[in-house]
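Chemist: Quick one: the structure is below, and I'll ask about it shortly.
The values are calculated or read from the model by the stated rules, or taken from the named source; none is laboratory data. These numbers come from a predicted model, not from an experiment. Using ideal geometry, Cβ is built from the backbone for each residue, glycine included, and neighbour counts are taken over all protein chains shown. Note: areas computed on protein heavy atoms with side chains; ligands, DNA, RNA excluded. Shrake-Rupley method; radii C 1.70, N 1.55, O 1.52, S 1.80 Å.
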Amino acid sequence: MQKLDQVYEGKAKKVFRTDDPELFIVDYKDDATALDGLKKGTIAGKGAINNQMTNRLMARMERAGIPTHFVRELSPRETLVKRVEIVPLEVIVRNISAGHFASRYGVEEGIVFDQPTIEFSYKNDDLHDPLLNSYHAIALKLATPAEIELIKRYAFAVNDVLKAFWAACGVTLVDFKLEFGKTADGTIVLADEISPDTCRLWDSETHEKLDKDRFRRDMGGVEDAYTEIMKRLLDHDAE
Ligand code: UDP
């Protein structure tokens, strides 16, 4: 599949057109940003890890009946995906308090919830991705009520699959962010990535952070954490 002109460059990925108008190629970069874009850096090897981790997890979602944009992996950093129009919502599911949940509500990190929470933010860099609820999303015509219901259902289903998978790898799934897209025929599918950039993953025994918080919080050992989490995935995925 031929890479044609670049359609988009985001913080962690570039997207290219192909000779099929319904297929795009995503190319994962090692660049990392945090704190609303204020902190910038690179994490060596991240692009390849996030690409391959996302693809394996997307394939798992498909097997669980959750439709995704994934088509096939082309190279360590590149993947063929369905062209989608991204629904401008960041969909965040949480099992344990951390990050903005902890700071916003003034609680410590690590409180295990009786049931997962879901929240949306409006994907809009100029407005700094403000939090909104489903009524706001519908009022702003970001999605229809039926689409919001489907997105919620898929997001909790992703949580069930991911939580069980990571638990089997000795990893606790704390929280994560998803993005959904609409294909040419209007089908809602899971898009973007599922990686240590977009999930909080703690070692189940030691609670050591194995995700982008090591970069956000200048904790060191960033590359090692990404390598370790990929190794755990591959060890388990092969079984
Ligand atoms: N997250 C993300 N992109 C964002 C904001 C959050 O991937 O722009 C992920 C983040 O990695 C975490 C979850 O969503 O796994 C919840 O993040 P939170 O709202 O606590 O914000 P953060 O502290 O990560 O900015």
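Chemist: State yes or no: is Ile138 in contact with a Pro (Cβ under 6 Å, 6 or more places away or on another chain), without any contact (Cβ under 8 Å) to a residue 40 or more places away in the chain and either outside any strand (DSSP E or B) or among the small types (Gly, Ala, Ser) (or both)?
Modeler: Judged against the criteria, Ile138 is a match.
Chemist: Something else about it: Do you know which of the residues in the stretch 153-196 that are among the basic types (Lys, Arg) and within 16 Å of the ligand (Cβ to nearest atom) is most open to solvent (accessible area, probe 1.4 Å)?
Modeler: Lys163
Chemist: Of the residues in the stretch 76-106, how many are surrounded by 12 or more Cβ atoms within 10 Å (Cβ to Cβ) and either within 11 Å of the ligand (Cβ to nearest atom) or part of a loop (DSSP other than H, G, I, E, B) (or both)?
Modeler: Qualifying residue count for the region: 19.
Chemist: Separate question: Out of (1) within 16 Å of the ligand (Cβ to nearest atom); (2) in a helix (DSSP H, G or I), the odd one out for Asp235 is which?
Modeler: (1)
Chemist: Would you pick out the residues in the stretch 114-135 that are within 13 Å of Val87 (Cβ to Cβ) and either assigned to a strand (DSSP E or B) or open to solvent by 40 Å² or more (accessible area, probe 1.4 Å) (or both)?
Modeler: Scanning the stretch 114-135 gives Phe120, Ser121, Tyr122, Lys123, Leu132.
Chemist: For the stretch 19-61, which positions are in contact with a helix residue (DSSP H, G or I) (Cβ under 8 Å, 6 or more places away or on another chain), in a helix (DSSP H, G or I) and open to solvent by 10 Å² or more (accessible area, probe 1.4 Å)?
Modeler: If the condition is that a residue be in contact with a helix residue (DSSP H, G or I) (Cβ under 8 Å, 6 or more places away or on another chain), in a helix (DSSP H, G or I) and open to solvent by 10 Å² or more (accessible area, probe 1.4 Å), then Ile49, Gln52, Arg56, Arg60 are the ones that fit.
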